[in-house]
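Down below is the structure, laid out as C-alpha cells.
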Amino acid sequence: MERADFAVIGRGLMGTACAYYLAQAGCDVVLIGPDEPDDAPRHDGPFGSFHDAGRITRAIAHDPVWARLALRSIARYGALEQQSGISFFDPCGAMVAGPSAGPMAEMAQDFLQCAALLGLDHQQMDGTTVAARYPYFHLPKGSVGAFDPLGGVIDPRAMRRAHEAVAIAAGARVIHAPVTSRESGLLQLSDGTSLQAGHVVLSMGGWSAMPGLGDARLAMQVYQRTILLAAVDDRQAAHLARMPSLIFVPDDRHTDLYVLPPIRYPDGQRYIKIGGEATSPIATEATALNAWFKTAGSQAAADILRGHLQALMPDLVITQTKTAACAVSFTASGHPYIGRLDDDTTVLTGGNGAAAKCADELGRLGAVAALGGDVTAEGLGADFAPVFT
C-alpha cells in the first residue's frame, strides 16, 4: 500500500495547482487522475473539461471576487511559465461587448463597476470605436464595449502541464489512474493501487457533484455544453492577428457567448472557438457525464453557435468546422467551493464557467484549506463555503 500526507483527486487545472502548492509547502502529496485519453469514445474513466487549447482570461469580471481571483493568477502566469519552461498565455487582450439596452446594459454596468471598484485598467468603447479598431466584428448599432489589456487567451492543457511540472519538481508524485472507491483516506485506484492518505482533496470538476466518492452531495448543477471550432486559413489568421478574446451578447439573447481568436490546435489547424449555449442538458450521474464526453457534442447547438459567429464576423470564411463536448459546473453560491468537509477531506471545485484563468489562485486556496487554514482570511471577499443538497 502506498501512503501520502495528501492525495489530490483530480488532475485538472485546480487540482494540479493545489498539488503544486501543497508540495511547495513541504507536504508529501500524490496527484491522482488519468491522462487525457487518446481515443475518447473508448475511454471508460472520467474526462476533463480542460482538454482544449483555448480559454479566455481577463481581469475584469461581473463580480469583484472573480476579478480578484483572476488578478492574482494572471500576476503569476509569467513566473509559472519561467519555472516550468512551458508557455501557455497569449496577452492579446479581452473585450466584453453587446447592446447598450437590454440584458447587456446591466451586464456591462456590472463589469464597469467592478473595474472601477478595483481600479482595473480598461478602455470603454462605443460601437463606432469597436468597429474602427476591430473591423472584422459586426456589432449591432448602439453596442458598447470594455477592453481589458490584462486579458487574452490561455492554453489550458499547457497551463496544467506547467503546474504539474513544477509540482513534480517540488516533490509531488503522480498516479495516472482514476480512483474507483474511497473510504475516508483509503483510496482504491483502477490500476490496482491502494493508497492511504492523511488528507484527501476532491477536485474533480463536474464529477465532484456526482455520487460515488463520499456521502455528501454538493449543490452544483453540471451542464453538458458544446463548443464549435471554425477553421480559418493562414491568410485570415494573419488578418485576425490583433483580435482579442471576446464575450458578447447578441440582440436576441439574454445570455452571453464567448469567442477566441485563431488558435493552433494539435491537428495543426487554426480555429476560432465559440461557445455559450442558452440552454443545455444537466448531468446528474457520472456515467451520463462520461458518456457525454465520448460524443462530439450537440450538432443542433453547434449550428446555433455557427449562426452567431457568422453574424458577429460576416466576412469570416470558414474552411471547416469541428465540435466537441464540454461541461460547466455552476454552484449555489456563484463562487467556487473551497473548504474542509471534515478532518479528512477538502473540496476544491465549482468553476462556474470562469475558473480556468483563476486556477493558480484557486489551487493555492485549496492548499490553504487542506492545511487547515482559513480561506476567508485571504482578502477575496467570499468564504467559498461548500453548499450541500
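The values are calculated or read from the model by the stated rules, or taken from the named source; none is laboratory data. These numbers were taken from a predicted model, which means no experiment stands behind them. Heads up, the Cβs are rebuilt from the backbone with ideal geometry, glycines too, and the neighbour counts pull from every protein chain shown.
Please go through (1) modelled with pLDDT of 90 or more; (2) crowded, with 18+ Cβ neighbours inside 10 Å; (3) part of a helix (DSSP H, G or I) for Met104 and return the number of the only condition it doesn't satisfy.
(1)
Does Leu305 fit the bill of being crowded, with 22+ Cβ neighbours inside 10 Å, more than 24 Å from Ala162 (Cα to Cα) and out of contact with any Asp or Glu (no Cβ under 7 Å at 6 or more places or on another chain)?
The answer is yes for Leu305.
Would you please name the residue that is nearest to Ala324 (Cα to Cα), looking only at residues in the range 265-287 that are in contact with a His (Cβ under 9 Å, 6 or more places away or on another chain) and buried (at least 17 other Cβ atoms within 10 Å of the Cβ)?
Once the filter is applied, the top-ranked residue is Ile274.
Yes or no: Gly142 modelled with pLDDT under 90 and either over 23 Å from the mean Cα position of the chain (by Cα) or closer than 29 Å to Val8 by Cβ (or both)?
Yes, satisfied.
Just one of the numbered conditions (1) at pLDDT below 95; (2) within 22 Å of the chain's Cα centre (by Cα) is not true of Arg160; which one?
(1)
Tell me the residue from Ala97, Ala115 that is small (Gly, Ala, Ser) and either part of a helix (DSSP H, G or I) or more than 21 Å from the chain's Cα centre (by Cα) (or both), please.
That would be Ala115, the only listed residue that is small (Gly, Ala, Ser) and either part of a helix (DSSP H, G or I) or more than 21 Å from the chain's Cα centre (by Cα) (or both).
Can you report the number of residues in the range 231-281 which are assigned to a strand (DSSP E or B), over 20 Å from Ile60 (Cα atoms) and within 18 Å of the chain's Cα centre (by Cα)?
Qualifying residue count for the region: 3.
Checking Gln124 against (1) crowded, with 22+ Cβ neighbours inside 10 Å; (2) in a strand (DSSP E or B), which single condition isn't satisfied?
Going through the list (1) crowded, with 22+ Cβ neighbours inside 10 Å; (2) in a strand (DSSP E or B), Gln124 breaks only (1).
Check Gly366 against each of (1) part of a loop (DSSP other than H, G, I, E, B); (2) closer than 23 Å to Ala158 by Cβ and name the one condition it does not meet.
Answer for Gly366: the failing condition is (1).
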